[in-house]
Amino acid sequence: MTLRIANAAGFWGDWPSAPRRLLETAEVDFLTLEYLAELTLSIMASQRKKSPAAGYATDFVTVTEDIVSLLRTQPQLKIVTNAGGLNPISCARAVGKVLVQCGFGNLPIGVVFGDDLLPKMDTLTKEGCEFLHFDRGEPLGTLREKAISANAYLGAEPIAQSLEKGARIVITGRVADASLTVGPVVHQFGWDWNDWNSLAAASVAGHIIECGAQATGGYSTDWKSCQLANIGYPIAEIGGDSQLIITKPDGSGGQVTRHTVTEQLVYEIGDPAAYVTPDVIVDFTTVELAALAENRVAVRGSTGREAPESYKVSLAYADGFTASGQLLVFGNDCVVKAKVVASLIEERLNQDGIELARMHTELLGGGDGLPGMRPPPDGLREVMLRIAAYDPRRDAVAAFARQFAPLITNGPAGLAGYAQGRPSVRPVYSYWPTTVPKELVFPEVRVLDADHWANTTENN
């Protein structure tokens, strides 16, 4: 038997119609939708701070409405997604309401949670977890008081448990990207959780498809040979013997070649001999790729070893404020003029007794977009001036934001592009990569039909 698993979302904000387009042109057993990243979790933390019911990928609610008819016509189809973000129960509640409205209230939805460590951090600290920084080895210490989110990267096992309990849609919180694929594969084939080579093969499949169209020509250095307007999203065909083929829907744009698959294979992996996931540590140096036919690439030789004893944790903490603004500067002297404008902003702040912790100036089009570029040609007639500021004090950053508008009339001639209004002041959330022992984290699984989720008032 061959299991077909597709992925039609590589991040929150990916092409909204991609899931429907894929399902209209290809039948698959599982559709995965990957919405989370460290930045995404910080955005969700900000949303949850404003509203306890927020903090999940709202795009998935729209996607559910868009594909509900396909869930009816493809009874084999199941969906696995980490759209739950920081609030998987609220996400299930919203999705359940959509399904009920569409007459699909009996569809079972599984929710995986337990990854949210923020409410438990004091207890975890007392139990000896110092949340040591990955790179520096420092304990979190007093930054604990500023933490706004802390989520363990759970593995595939609770996803498989949800499927075993009959879930047709599985909504998780922070689960490792590749685990969205590993869970369905282990559930389907009944593999042991210590069959490291098989888990490695499934993890490689999940890693290749997790970023969506990046495996099918998107973001590829060979992009000119792709038809990108109707790009197809990837499908992994996995056999019970761990054999893997990457493909895409027939007739869709993009391409699946040894080149595109290789580019995604080595994307964001760290040590290629030790790609660490919560399910298995994968050795990518043993993987071999072979083009079998047009848009069909075989992936062989995956090997793995015992999973780590800790979960990776994505932790964010409040760390001051920032704002950025931009102005179009044109004229024969645009580069010199842009530098003068930047200095005017700094000088006027100083006149008011404000010295910012950091300011960063870029002349986009003048060579600042890529350090080391050759100076622009003499014929340059316009640049985009972009200035960003950071400071622990919100009022200091707000004062910076107020400096842009006046320059239109009291700065040098040749400024434009002031369409965004006054730059907004935003909180800065800094990232603290760390780990937590698996023995201190307790993933939970709950499977209820859509009608139950739609009417529950339970908080996450």
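The values are calculated or read from the model by the stated rules, or taken from the named source; none is laboratory data. Here the structure is a predicted model, which means the values were calculated and not measured. As a convention, Cβ positions derive from the backbone with ideal geometry for all residues, glycine included, and neighbour counts pool all protein chains shown.
A compact table of results
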| item | result |
| --- | --- |
| Residue that is at pLDDT below 95, in the same structural domain as N197 (by TED's automatic domain parsing), among the hydrophobic types (A, V, I, L, M, F, W, C) and surrounded by fewer than 22 Cβ atoms within 10 Å (Cβ to Cβ), where the choices are I269, I281 | I269 |
| Residue satisfying condition, being outside any helix (DSSP H, G or I) and in contact (Cβ under 8 Å) with a residue 60 or more places away in the chain, within set V112, V100, V95 | V112 |
| Among the residues listed as E288, E347, the single one being not assigned by TED's automatic domain parsing to the domain that holds G232 and not small (G, A, S) | E347 |
| Residue check, T81 more than 21 Å from P119 (Cβ to Cβ) and without any contact (Cβ under 8 Å) to a residue 60 or more places away in the chain | no |
| Candidate set: segment 1-19, residues that are more than 20 Å from the chain's Cα centre (by Cα) and under 19 Å from D250 (Cα atoms); chosen: the one surrounded by the fewest Cβ atoms within 10 Å (Cβ to Cβ) | T2 |
| Pick from segment 72-96, criterion crowded, with 19+ Cβ neighbours inside 10 Å and of a type in the set (D, E, K, R), ranking: nearest to F30 (Cα to Cα) | K78 |
| Residue match in segment 186-202 (condition: surrounded by fewer than 24 Cβ atoms within 10 Å (Cβ to Cβ) and either outside the structural domain of A9 (by TED's automatic domain parsing) or assigned to a strand (DSSP E or B) (or both)) | no |
| Every residue from segment 211-235 that is assigned to a loop (DSSP other than H, G, I, E, B) and among the polar types (S, T, N, Q) | S220, T221, Q227, N230 |
| Residues satisfying the stated conditions in segment 212-237, i.e. closer than 14 Å to V28 by Cβ, touching a Pro at 6+ places or on another chain (Cβ under 9 Å) and hydrophobic (A, V, I, L, M, F, W, C) | I235 |
| Some residue of segment 35-50 being out of contact with any Leu (no Cβ under 7 Å at 6 or more places or on another chain), charged (D, E, K, R), at pLDDT 95 or above and surrounded by fewer than 17 Cβ atoms within 10 Å (Cβ to Cβ) | no |
| Subset of segment 241-267 that is over 23 Å from L23 (Cα atoms) and part of a loop (DSSP other than H, G, I, E, B) - its residue that is nearest to the chain's Cα centre (by Cα) | Y267 |
| Answer from A298, A293 - the residue that is among the hydrophobic types (A, V, I, L, M, F, W, C) and touching a residue at least 12 places away in the same chain (Cβ under 8 Å) | A298 |
| Test for V61: is it under 27 Å from P443 (Cα atoms), without any contact (Cβ under 8 Å) to a residue 40 or more places away in the chain, part of a helix (DSSP H, G or I) and assigned by TED's automatic domain parsing to the domain that holds S252 | yes |
| Sole residue being within 30 Å of F321 (Cα to Cα) and out of contact with any Cys (no Cβ under 8 Å at 6 or more places or on another chain), chosen from N106, N87 | N87 |
| Only listed residue being among the hydroxyl-bearing types (S, T, Y) and crowded, with 22+ Cβ neighbours inside 10 Å, chosen from S310, S343, S314 | S314 |
| Every residue from segment 223-242 that is closer than 18 Å to I5 by Cα and either at pLDDT 95 or above or not assigned by TED's automatic domain parsing to the domain that holds E294 (or both) | I231, G232, Y233, P234, I235, A236, E237, I238, G239 |
| Residue match in segment 181-196 (condition: under 23 Å from E38 (Cβ atoms) and β-branched (V, I, T)) | yes |
| Failed condition for T25, given (1) out of contact with any Ser or Thr (no Cβ under 7 Å at 6 or more places or on another chain); (2) in contact (Cβ under 8 Å) with a residue 24 or more places away in the chain; (3) surrounded by fewer than 16 Cβ atoms within 10 Å (Cβ to Cβ) | (1) |
| Among the residues listed as I208, I238, the single one being closer than 18 Å to A18 by Cα, hydrophobic (A, V, I, L, M, F, W, C) and not in a loop (DSSP other than H, G, I, E, B) | I208 |
| Selection count, segment 20-58, where residues are farther than 23 Å from K248 by Cβ, in a helix (DSSP H, G or I) and of a type in the set (A, V, I, L, M, F, W, C) | 5 |
